[in-house]
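To start, the structure under review is shown below, and the notes come after it.
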């Protein structure tokens, strides 16, 4: 059973509880195993009072359901930021979301987490570009001097935001920052490796420890969730355990 304590997305509201209880009392086919709700602003300190009211509503409403139906289901309300900021409301379980990937919703949370997900690719081709030559679609970048570029086989069809291109973003190659130059293409992007020792086939980190998902999200005015969930299905996922 989901209770709408303030998110106003899904769930039963307080004025629907009596009808819900009547339905459940007279139904032998439904067994309530869990009662939960969702916090809307557990990551926003300015809304602490609102979040505490959500928790209070959940406690009261769920207790009513348990008492009236004489049941003892699993209760849960905390998401990633809720786990960190409201440990008193852990109930029987919690729902760790983006925290599973080592990403927090602010610097304090992030300090307690370790990055566990990295998006990597390899250098497809290295080119020597002369001063005055343009790079990429619409000639958005012109080489200010002779330079060396690396083409990476990853682009916006893989979920890399186009807004991260044109010298706004970067990737890491052999521990060095390689600025993305020109417009990010559907399947490729170009980066400046003039001062980086590298060769074709070397690994490039799109996000991980540096740049982090949070860093990219902050620069683009969005949230880490959007960056992570935008990675398309054609990107191979490799799961490992040490």
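The values are calculated or read from the model by the stated rules, or taken from the named source; none is laboratory data. What you see is a predicted model; the values in this text were computed from it and never measured. Positions of Cβ are backbone-derived with ideal geometry, glycine not excepted, and every protein chain shown enters the neighbour counts.
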> With respect to residue 196, is the statement that it is at pLDDT below 95, assigned to a loop (DSSP other than H, G, I, E, B) and at negative phi true?
Replying inline: no
>> Against the conditions (1) closer than 26 Å to residue 43 by Cα; (2) in contact (Cβ under 8 Å) with a residue 60 or more places away in the chain; (3) in contact with a helix residue (DSSP H, G or I) (Cβ under 6 Å, 6 or more places away or on another chain), where does residue 235 fall short? Just the number, please.
In response: (1)
> Can you pull out the residues in segment 14-50 that are surrounded by 14 or more Cβ atoms within 10 Å (Cβ to Cβ) and in a loop (DSSP other than H, G, I, E, B)?
Replying inline: 32, 37, 38, 39, 40, 41, 42, 43, 44
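Looking only at segment 84-135, count how many residues are part of a loop (DSSP other than H, G, I, E, B) and farther than 28 Å from residue 237 by Cβ.
Number satisfying all stated conditions: 8.
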> Can you name the condition, by its number, that residue 163 falls short on among (1) under 23 Å from residue 36 (Cα atoms); (2) touching a helix residue (DSSP H, G or I) at 6+ places or on another chain (Cβ under 8 Å); (3) at pLDDT 95 or above?
Replying inline: (1)
> Restricting the search to segment 202-217, which residues are surrounded by 13 or more Cβ atoms within 10 Å (Cβ to Cβ) and closer than 20 Å to residue 111 by Cβ?
Replying inline: 207, 208, 210, 211, 212, 213, 214, 215, 216, 217
> Any residue in segment 51-67 that is at pLDDT 95 or above and not in a helix (DSSP H, G or I)?
Replying inline: no
> In segment 218-227, what count of residues is obtained for those that are surrounded by fewer than 18 Cβ atoms within 10 Å (Cβ to Cβ) and either assigned by TED's automatic domain parsing to the domain that holds residue 81 or outside any loop (DSSP other than H, G, I, E, B) (or both)?
Replying inline: 5
>> Anything in segment 8-36 that is farther than 21 Å from residue 76 by Cα and in contact with a helix residue (DSSP H, G or I) (Cβ under 8 Å, 6 or more places away or on another chain)? List them, or say none.
In response: 25
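The rows are residues; the columns are (1) surrounded by fewer than 14 Cβ atoms within 10 Å (Cβ to Cβ); (2) in the same structural domain as residue 207 (by TED's automatic domain parsing); (3) touching a strand residue (DSSP E or B) at 6+ places or on another chain (Cβ under 7 Å); (4) in contact (Cβ under 8 Å) with a residue 60 or more places away in the chain.
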position	(1), (2), (3), (4)
70	yes, no, no, no
74	yes, no, yes, no
81	no, no, no, no
87	yes, no, no, no
92	yes, no, yes, no
110	no, no, no, yes
114	yes, no, no, no
126	no, yes, yes, yes
130	yes, yes, no, no
> In the set 200, 215, which member is more than 30 Å from residue 79 (Cβ to Cβ) and not assigned by TED's automatic domain parsing to the domain that holds residue 79?
Replying inline: 200
> Does segment 91-106 contain at least one residue that is out of contact with any helix residue (DSSP H, G or I) (no Cβ under 7 Å at 6 or more places or on another chain) and over 30 Å from residue 229 (Cα atoms)?
Replying inline: no
